[in-house]
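J.: Below are the structure tokens for one structure; questions will follow.
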Amino acid sequence: MLTRIGVLFLLSISVTFSLAQSPNPPSAGLALTPPMGWNSWNKFACNVSEEMIEQMADAMAQSGMKDAGYQYVVIDDCWQVSRDAEGNIVADPQRFPHGIKAVADHVHALGLKFGIYSDAGVKTCAGRPGSLGHEYQDARQYAKWEVDYLKFDWCNTSTQDARAAYALMRNALDATGRPIVLSICEWGTAKPWLWGKEVGGNLWRSTGDIRDEWVGRTKWPDGSCCANGVLDIIDQENGLESYAGPGHWNDPDMLEVGNGRMTNTEYRSHFSLWAILAAPLIAGNDLRSMTAETREILTNKEVIAVDQDALGMQGRRVKQENGGEVWVKQLKDGSRAVVLLNRNEKEQEIRLQWEDLGYPHHLTAAVRDLWEHKSLGSFTGEFSAKVAPHGVEMVVVQP
Ligand code: GLA
């Protein structure tokens, strides 16, 4: 016969089990390489609509982006306006007259995947209804709409615990039975690299927002810190490499390539560095009207192959000298992808030594230029290049 204590004990075990993640949730095996796609925020902010999103999906399919590996079309903030009497989230009827499911269907029909945005707090960053208290209800709604990816933000969360909030949303998503990528967006505040993987996050923002600038941090209107230029982000990202791997990635924020405030040299550097960092490659420009140069950057298959390498190692900075830097990422076949970065205002020769790569000096290796798409020949012990101001030389060194 069970005693009262025994019953309590069994009850507490079953509660513990139901809160823990099941060993084989539907989200297992997602994002084995860094997610690639497009998101509305960097270019359009709150100016989203079904027409624009569907056109962007069409452009992704037609422009060579899909062929290059881009997959997720994600609506960021401002698609939602209220909750109905039952608490269901309501999409803006003016901007999404056919509803979110119709947009998802359009995206899926192109062989792409569909993503959406919400927030762990009472309101999103743009003041729309957040998911607090509605996590399971929202997850069920997303699954009904056939959502494949959720970016979950952190504004208006008061004293909520980040780890618990994201674990709750992951459990809610998994409970629907649909595999949904969870993109944790709490800007590195509670060091999500320490717990993001454990709570089932597939990527986590490790910094504040990116801005379309090469360098420089600016405070938000409320005085909090900061929006970051490309160089500010890579400086914060370096050192986090041990936390990234297949299924769980550090996210230095979405791409600004093609948004107009950097030069093409700087955009090429931005893209190369994101690839070395095994960062999610989420384009943030208008795909309907991009220039040939922007398209060439975003669809450089050799650079994308570095980002998407199956080993899933995030690269790191191995040398810093007078504004010249060497960043290295080990690839699955044992070769190394390398970015020589010139932060200076004038051209600079940057030297890479095999020891920087973990190779012995006497080794002879082939060097291939990933932007020129050509082999540069065989080198022993070292390789150097003259790098343009704010530019990179990106190579693979293959013994
Ligand atoms: C935060 C996020 C951004 C974007 C906006 C939307 O700032 O970090 O990426 O999602 O909110 O309001």
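J.: Viscosity 1.002 mPa s, temperature 20 °C: what is the translational diffusion coefficient of the range 285-399 from Stokes-Einstein with a Kirkwood Rh over Cα pairs, rounded to a whole number of µm²/s?
T.: 144 µm²/s
J.: Taking N as the number of residues in the range 185-314, what is its Cα Rg relative to 2.2 N^0.38 Å?
T.: Normalised Cα radius of gyration, the range 185-314: 1.04.
J.: Moving to a separate point now. Taking the Cβ of residue 169 as the center, what net charge do the other residues with Cβ under 9 Å away carry, scoring Lys and Arg +1 and Asp and Glu -1?
T.: Taking every Cβ under 9 Å from that of residue 169, the sum is -1.
J.: Right, here's the next one. Through the Karplus equation 6.51 cos²θ - 1.76 cosθ + 1.60, θ set to phi - 60°, convert the phi angles of the range 113-127 into ³J(HN,Hα) values in whole Hz; use x for Gly and Pro.
T.: Running phi through 6.51 cos²θ - 1.76 cosθ + 1.60 with θ = phi - 60° gives 10, 10, x, 9, 10, 8, 9, 6, x, 6, 9, 6, 5, 8, x Hz.
J.: Taking neighbour Cβ counts within 10 Å as the exposure measure, how do 374, 101 sort from fewest upward?
T.: Going from sparsest to densest Cβ surroundings: 374, 101.
J.: To continue, here is another question. List the relative contact order of the range 58-188 as a percent without decimals, with contacts defined as Cα pairs under 8 Å and 6+ residues apart.
T.: 23 percent
J.: Sticking with this structure for a sec: Counting other C-beta atoms within 10 Å, which of 159, 189, 207 has the fewest, and how do the rest follow?
T.: Placing the least packed residue first, the sequence is 159, 189, 207.
J.: Moving on to the next point. Tell me, what is the Rg over Rh of the chain, with Rh the Kirkwood radius over Cα pairs?
T.: Over the Cα atoms of the chain, Rg/Rh equals 1.01.
J.: Here's something else I'd like to know. Taking Cα atoms, how many degrees apart are the long axis of helix 162-175 and the longest axis of the chain, rounded to 10 and kept between 0 and 90?
T.: In the chain, helix 162-175 runs at an angle near 70 degrees to the longest axis.
J.: Something else about it: Taking Rh as the Kirkwood radius, which is the inverse of the mean 1/r over Cα pairs, what is the Rg/Rh value for the range 141-230?
T.: Ratio value, two decimals: 1.03.
J.: For helix 264-276, what angle does its Cα long axis make with the longest principal axis of the chain, in degrees from 0 to 90 and rounded to 10?
T.: Rounded to the nearest ten degrees, it is 70.
J.: Another question, if that's okay. How do 194, 273 line up, fewest other C-beta atoms within 10 Å first?
T.: Values: 194 11, 273 24.
Ascending Cβ contact count within 10 Å gives the list 194, 273.
Where a number appears in this text, it was derived from the coordinates with a stated rule and is not lab data. If you're wondering where the values come from, they're calculated on a predicted model, not measured in any experiment. All Cβ positions, glycine included, derive from the backbone under ideal geometry; neighbour counts span all protein chains shown.
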